[in-house]
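Chemist: I have a structure I would like to understand better, so I am pasting it below and will then ask my questions one at a time.
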Amino acid sequence: MELMKIAALVILSVAVIALLRQHNPVYAVLASIAAVAVLSIYLLSFLSPVIDYFKELAAFSETADFGCLIKAVGIGLISQTAADLCAESGQQALCSKVLLAGKAAILLATLPLFKSMFTILNSLLAG
C-alpha cells in the first residue's frame, strides 16, 4: 500500500514538473527539489524501523566498523540524490562534482574501517 502512495506522489510530481517546464523552467527545478524533499522525508519515516534495527546492530558491535558502513550508505544516497537534481536542472559539471565529493566523503567515512582491516591483516601476517 505504501508503494502505491509513493508511485502516486511520483506520477503527480512528474506531471506537475512537466507542465512547469513548458512555462517556467526555474519553477520546474524548484518543484523537482520540493518533490524530492517531500519524498525523502516520507521514505525516512517509512524506513524508521529499519534504521532502528541498524542502530541495535551497531550497539552490539564493539568497533566503529558498522557505523562506518551506515555512514557510507547514507553519504552515497544523499550525494546520488543531489547529483540527480543537478542533472535534472542541466548542470552536468556540477553533477559530476557532487558525485566526486560523495565518493571522497565515503572514503573519509570508511577510513577507520580500512585501518581496522589493515591491523587485522598485519596481525595475521605477523602471527
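The values are calculated or read from the model by the stated rules, or taken from the named source; none is laboratory data. All of these numbers come straight from a predicted model, not from anything done at the bench. Please note: Cβ atoms are built from the backbone with ideal geometry, for glycine as well, and neighbour counts cover all protein chains shown. The area values use the complete protein model at the heavy-atom level, side chains included, leaving out ligands, DNA and RNA. Shrake-Rupley method; radii C 1.70, N 1.55, O 1.52, S 1.80 Å.
To keep it simple, each residue is scored yes or no on (1) more than 24 Å from Val29 (Cβ to Cβ); (2) surrounded by 14 or more Cβ atoms within 10 Å (Cβ to Cβ); (3) under 14 Å from the mean Cα position of the chain (by Cα).
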site: Phe66; (1), (2), (3): yes, yes, no
site: Ile78; (1), (2), (3): no, yes, yes
site: Leu85; (1), (2), (3): no, yes, yes
site: Glu88; (1), (2), (3): no, yes, no
site: Asn122; (1), (2), (3): yes, no, no
site: Ala126; (1), (2), (3): yes, no, no
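Chemist: Just to be sure I understand, how many residues within the range 12-27 are of a type in the set (A, V, I, L, M) and closer than 12 Å to Leu39 by Cβ?
Modeler: Residues meeting the conditions: 2.
Chemist: Related question: Condition first: over 20 Å from Thr81 (Cα atoms) and surrounded by fewer than 12 Cβ atoms within 10 Å (Cβ to Cβ). Can you find one or more residues in the range 29-44 that meet it?
Modeler: Checking the range 29-44: not a single residue is over 20 Å from Thr81 (Cα atoms) and surrounded by fewer than 12 Cβ atoms within 10 Å (Cβ to Cβ).
Chemist: Quick check: anything in the range 104-111 within 18 Å of the chain's Cα centre (by Cα) and not in a helix (DSSP H, G or I)?
Modeler: yes
Chemist: If I filter the range 92-103 down to residues being aliphatic (A, V, I, L, M) and within 16 Å of the chain's Cα centre (by Cα), which single residue comes out as least open to solvent (accessible area, probe 1.4 Å)?
Modeler: Within the range 92-103, the subset aliphatic (A, V, I, L, M) is 93-94, 98-101.
Checking which are within 16 Å of the chain's Cα centre (by Cα) leaves us with 98-101.
Numbers: Val98: 36, Leu99: 52, Leu100: 107, Ala101: 59 Å².
That would be Val98.
Chemist: Among all residue pairs at least 6 apart or on different chains, which show Cβ distances below 9 Å where the first residue, located in the range 108-127, is in contact (Cβ under 8 Å) with a residue 24 or more places away in the chain and the second is basic (Lys, Arg)?
Modeler: Final answer for the pair search is Ala109/Lys71; Thr110/Lys71.
Chemist: Now for a separate question. Mind checking which helices (runs of 4 or more DSSP H) fall wholly inside the range 1-63 and carry at least 2 residues that are among the aliphatic types (A, V, I, L, M) and at pLDDT 85 or above?
Modeler: Working: elements: 2-23, 25-46, 48-60.
Of the helices (runs of 4 or more DSSP H) lying wholly inside the range 1-63, those with at least 2 residues that are among the aliphatic types (A, V, I, L, M) and at pLDDT 85 or above span 2-23, 25-46.
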